[in-house]
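Asker: Pasting a structure here, questions to come.
The values are calculated or read from the model by the stated rules, or taken from the named source; none is laboratory data. Keep in mind that this is a model prediction, so the values were computed, not measured. Every residue, glycine as well, gets a Cβ built from its backbone with ideal geometry; the counts of neighbours run over all protein chains shown. Ligands, DNA and RNA are stripped out before the accessible areas are found, and what is left, the full protein with its side chains, is counted by its heavy atoms. Shrake-Rupley method; radii C 1.70, N 1.55, O 1.52, S 1.80 Å.
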Amino acid sequence: MTDKTVLVTGACGEIGQALVQELSKRGGHRVVTADIAPLPDTIKDLVAEHVQGDLVYKIKTFYDYDFDIIFHLAASLSSKAEVATEEAHRINVEGTMQLLMLAAYRSEKYKKPVKFLFPSSIAAYGMASLEVKESAGCVKEDEYNTPHTMYGCNKLYCEKLGMYYSRYYGQRHLDPNPPVMLDFRALRFPGLISAFTLPSGGTSDYGPEILHAAAQGKPYSCFVREDTKISFMAMPDAIKSLLMLTDVPRENLSHVVYNVAAFALTAGQFRDRALKAFPGADIRFEPNPRRQGIVDSWPEDVNDSLARNDWSWKPDYNVDAFFDQYFLPEIRKRYGK
Ligand code: AKB
């Protein structure tokens with residue numbers, strides 16, 4: 001069987017690096033990567049080709065490739081996007097639309113749907129107040145779709161763009177012989193935590209930052225209140241869900257956008273877990289009003305029963321397994337504590 005040609009944009013980011021490593025471990029893929037930055041040593045030898053530069057300006061380059069699957073991970077995350085809003089829109093929306101157009105063109109021309117995997121986010125939700133957030137609890141995909149951030153608006157709109165290009169583009173689904181369209185699938189990720197990389201530019205970053213700082217014996221000032229609660233997931237589970245959704249036959253999917261969840265924790269509970277593992281960890285709470293506002297608008301937790309029912313999704317790591325079987329053993333090896 002010939003290898004599948006795969007494009008991973010935003011390959012230097014946390015999800016990108018973990019995904020490229022997993023694809024290489026599984027085999028059967030020819031991986032082309034794209035990012036504004038050069039590839040880190042962790043994945044340099046695992047990819048066939050790297051296109052460095054701004055995706056929006058480099059898009060023509062990709063018309064020469066025959067991609068079977070596109071993982072479009074490149075994005076400006078929530079905290080950064082709230083500071084440089086128009087630039088975030090350009091990266092998050094224009095970049096996605098350019099790639100969707102490419103995938104739509106190739107699907108139709110070669111009569112083979114290109115699979116387009118899009119990581120959306122809990123930022124696509126918007127809770128009107130802390131009372132609403134608390135009373136809503138675990139939210140479903142079609143509830144509270146009123147994001148408060150540029151990043152959240154971009155993610156929600158790109159979900160809709162993906163549906164448009166894969167189902168309704170030019171209203172050609174109404175043709176008696178409709179053309180082959182691209183196969184768009186999206187996951188709404190919670191905050192992700194890797195033992196190997198640190199996030200930057202996001203707002204769920206305080207979770208991994210507390211843990212990495214404690215493991216290194218560095219003091220950490222947390223930018224949200226102790227009672228701040230959202231859902232999180234181990235990076236290996238994020239990659240597992242992305243690849244499960246990639247592999248599931250189209251006819252098994254009743255939806256285009258799926259929540260995935262693993263565990264929900266408050267910032268105070270992160271501090272307690274960090275203290276238990278690394279007694280003496282120095283973690284304080286000094287909320288930043290702008291970043292606090294962002295996390296307060298995200299739900300406490302998400303309901304992922306659609307993914308569980310449609311494609312048997314289940315995380316490997318609940319909160320205890322996350323700490324005991326993944327994060328702490330890996331981080332102790334990494335920082336030698
Ligand atoms: C962010 O904090 O912006 C991201 C996300 C939750 O999508 N990690």
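Asker: Checking K160 against (1) among the charged types (D, E, K, R); (2) open to solvent by less than 20 Å² (accessible area, probe 1.4 Å); (3) closer than 20 Å to V302 by Cα; (4) away from the ligand (no atom under 11 Å from the Cβ), only one condition comes out false. Which one?
Answerer: K160 satisfies every listed condition except (2).
Asker: Let me ask you something else. Write out, first by first residue and then by second, each pair whose Cβ atoms fall under 6 Å of each other, whose residues are 6+ apart or on separate chains, and whose first residue, in the range 308-324, is touching a residue at least 60 places away in the same chain (Cβ under 8 Å) while the second is acidic (D, E) and buried (at least 16 other Cβ atoms within 10 Å of the Cβ).
Answerer: P315/D237; D316/D237; Y317/D237
Asker: Oh, and also: Criterion first (within 16 Å of the ligand (Cβ to nearest atom) and over 29 Å from A274 (Cα atoms)) does Y144 satisfy it?
Answerer: Answer is yes for this residue.
Asker: Just to check your reading of the model, which residue among D237, D320, D324 is modelled with pLDDT of 95 or more, part of a helix (DSSP H, G or I) and either in contact with a helix residue (DSSP H, G or I) (Cβ under 6 Å, 6 or more places away or on another chain) or within 23 Å of F118 (Cβ to Cβ) (or both)?
Answerer: When all the criteria are applied, what remains is D237.
Asker: Still on this structure: Quick one: which helices (runs of 4 or more DSSP H) lie wholly within the range 41-90 and hold at least 3 residues that are surrounded by 13 or more Cβ atoms within 10 Å (Cβ to Cβ), away from the ligand (no atom under 16 Å from the Cβ) and aliphatic (A, V, I, L, M)?
Answerer: By residue number, 55-62.
Asker: Given the options D66, D45, name the one that is at pLDDT 95 or above and of a type outside the set (A, V, I, L, M, F, W, C).
Answerer: D45 is the lone residue from the list that is at pLDDT 95 or above and of a type outside the set (A, V, I, L, M, F, W, C).
Asker: Right, M244: aliphatic (A, V, I, L, M), open to solvent by 10 Å² or more (accessible area, probe 1.4 Å), over 22 Å from A11 (Cα atoms) and not in a loop (DSSP other than H, G, I, E, B) or not?
Answerer: Spelling it out, it is not the case that M244 is aliphatic (A, V, I, L, M), open to solvent by 10 Å² or more (accessible area, probe 1.4 Å), over 22 Å from A11 (Cα atoms) and not in a loop (DSSP other than H, G, I, E, B).
Asker: Out of C138, C153, I need the residue that is within 13 Å of the ligand (Cβ to nearest atom), under 26 Å from L306 (Cβ atoms) and not aliphatic (A, V, I, L, M). Which one?
Answerer: C153
Asker: Okay, moving on. Exactly one condition in (1) over 19 Å from R185 (Cβ atoms); (2) open to solvent by less than 50 Å² (accessible area, probe 1.4 Å); (3) out of contact with any strand residue (DSSP E or B) (no Cβ under 6 Å at 6 or more places or on another chain); (4) not aliphatic (A, V, I, L, M) is not met by G95; state its number.
Answerer: If we test G95 against (1) over 19 Å from R185 (Cβ atoms); (2) open to solvent by less than 50 Å² (accessible area, probe 1.4 Å); (3) out of contact with any strand residue (DSSP E or B) (no Cβ under 6 Å at 6 or more places or on another chain); (4) not aliphatic (A, V, I, L, M), just (1) comes out false.
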